[in-house]
Each structure stands twice: as structure tokens, then as C-alpha cells.
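For reference, the structure is listed below as C-alpha cells.
Just so it is clear, none of the values below were taken in a lab; they were calculated from the coordinates. Worth saying up front: this structure is predicted, and the values here are computed from it rather than measured. With ideal geometry, Cβ positions are generated from the backbone for all residues, glycine too; neighbour counts draw on all protein chains shown.
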Amino acid sequence: MINRIRKYIPYLLIIILAIFTLSVWFLVLNHKDNKYLKVAFLDVGQGDSIYIEAPNGRQMLVDGGPDATVLSRLSKVMPFADRSIDMIVATHPDLDHIGGFPVLLDNYKVGNILENGFKSDSKIYSSLEEKVAKKKINKIIARRGMHIVLDDKRNIYFDILFPDRDVNTLESNEGSIVGKLVYGGESFMLTGDASLYTENLIEWNENDNTLHSNVLKLGHHGSRTSSSILWLKKVHPEVAIISVDKGNKYGHPHKELLDRLSSLHIPFLSTADLGNIVFESDGYKLIEIK
């Protein structure tokens, strides 16, 4: 029996080598430089998580959802066997936005973390900060005017519109990082849980051209306390995204918010209905990947 097994060892080694070679080529092909920006609104339940991958392979994850669900959702949109992310963004330290980050840091190598500077006394915030310090991840405090380049060859960048101040004087949601991702003529406005008050501050600071975006991630999961009529008019999106859990206890998205969208003829997509919502863009057109 042992001799028969030994007879097949060379063939097994050839098969293993072939599998390894194919895996390497798969990784190379999936990391090749192309012209498409990928933006995926991940279905993490009642929370936010947005995966961004530039044509050059640089990656950003805006928020990490409430728990480890983010890991399985990322596996659907990230390149095979990729275990690194250039930057994660914690728009604010509420559980439904940073709850998945501690376990993410246990499974991925992260280069930078962008935070809003809000000091929270929650256990999840403390856990995240401890891991960031232990792993020596570069921490950056977001401020209006920051220009984060994801792909310099194609001029793909993420501009910070808020905070413009120390957010510890504000309520947690009000201090959310708000940023605009731009690639050519296509753009995404990402708002965290920004409130009506935050929107007013941004409107005061920015001109209409800055605010206009093709895709708007609606603030606070479609709450009535975000996405005012004026904000929706100024951003003037082609489509709005609601990151929400089906049948959640908060009643998100609120009917009042849905009525605002309807009155302005703004269509919306919901992670509760569609799961991961994935877009690709070459800077000229926007494609939703079914």
C-alpha cells in the first residue's frame, strides 16, 4: 500500500505546483492596471462600509460596519487572496461604523487610518485604538481641505469636506467625516451619519460645483435627520444609496426621507434589497455591476 502511494507522489507534486502557478497568475491578472475605479457599498446590515479600489490597485475602506460581517462582504469584491488595505476611514466612532474594524485589523494589513478626532468612551472605540497603536498603523485626523490621491496617473482622489473643526464639541453623528471621491466626470459623495446641521455647515463652506455628485450615499441610513431638500438639490445625484438592514428597529429609511427623494425624482438603491451594490467607472460613465 505504501509503495503504491509513493508511486503517485510525483504526480501529486506536479498537481500542487500547477495549482500554485495558476494561483500566482490569477493574482497577477487581478492586480493588473486597468482603467476602472470600483466602488462597492457593502451589505453589512444596519451600518456602513464602502470599499474603494482605484485602477492602480490602491484601496480604501470607508467604515467597517457593526461586526465581522464586513469580512465576508469584502471577500466578494476584493482581489483573490488580497490581505492588505491602504487606508481605512472611520467616519465617526459609533458601533455601526467601526464595529467591524478590530476584527478587520486582525485579518488585514492596514497602512493608514483616517479618523474624525472624536474621543469616545465606548469599548469598541477603545479596542480599535489599541489595535491601531499595537500594529503601528499611521493615524490621520481628517480636516476640510485634505486631498487624498488614490491614483495620481488618473487623478482619482478623495477630498475631505468635513470636519472643518474640533468635532468633540459636536454630537457624534454631526462630526462625521464627509468626503467626495472623484474620477474624471464621475463622483461619489460619502456622508457617514452627517446630520442636517452638518450639511448646513458644508453648504456654507462649499460651492454648488463642489457638492454636485453622481452618487450620494445618504446620511444616517436614510434617517429623516439627514439629507435635507436643500442638500439633495445641491448634490443633485443621479442615484442615492441607502446602507441599511431590512426590518431594522429604527424605521430606516424614513418615509419623510423617501418622500424628499420622490419629490426631486432621485432614484435610490438599498443594500437591504440588493446586498452589495457595486459600481465601476472609467471616469466618463458609471456602471452598476449586477
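A few notes on this one:
- Taken as Cα centroids, the stretch 58-76 and the stretch 227-249 sit 21 Å apart, rounded to the nearest whole angstrom.
- Folded to 0 to 90 degrees: helix 2-30 orientation relative to the chain principal axis, Cα: 30 degrees
- Taking every DSSP bridge with both residues inside the stretch 31-289, close to 60 percent are antiparallel.
- Folded to 0 to 90 degrees: helix 123-134 orientation relative to the chain principal axis, Cα: 50 degrees
- Its DSSP H runs of at least 4 residues, each contributing -39,500 (n - 2.57), put the calculated 222 nm mean residue ellipticity of the chain at -9000 deg cm²/dmol, to the nearest 500.
- Projected label distance in nm at S72 and E238, using a 7 Å step from Cα toward the beta-carbon: 3.2 nm
- Among [x] 78, 43, 40; [y] 57, 45, 36; [z] 52, 47, 34, the entry derived from the coordinates for Cα extents along the principal axes in Å: [x]
- Taking 30 Å as the limit for the C-alpha separation, the pairs K76/K217; K255/K290; K38/K109; K35/K217; K131/K285; K119/K153 exceed it in the case of K131/K285; K119/K153.
- GNM result for the chain, Cα springs below 10 Å: residue of H236, H265, H92 fluctuating most strongly: H265
- Separation in nanometres of the label points that stand 7 Å from Cα toward Cβ, at N168 and W204: 2.2 nm
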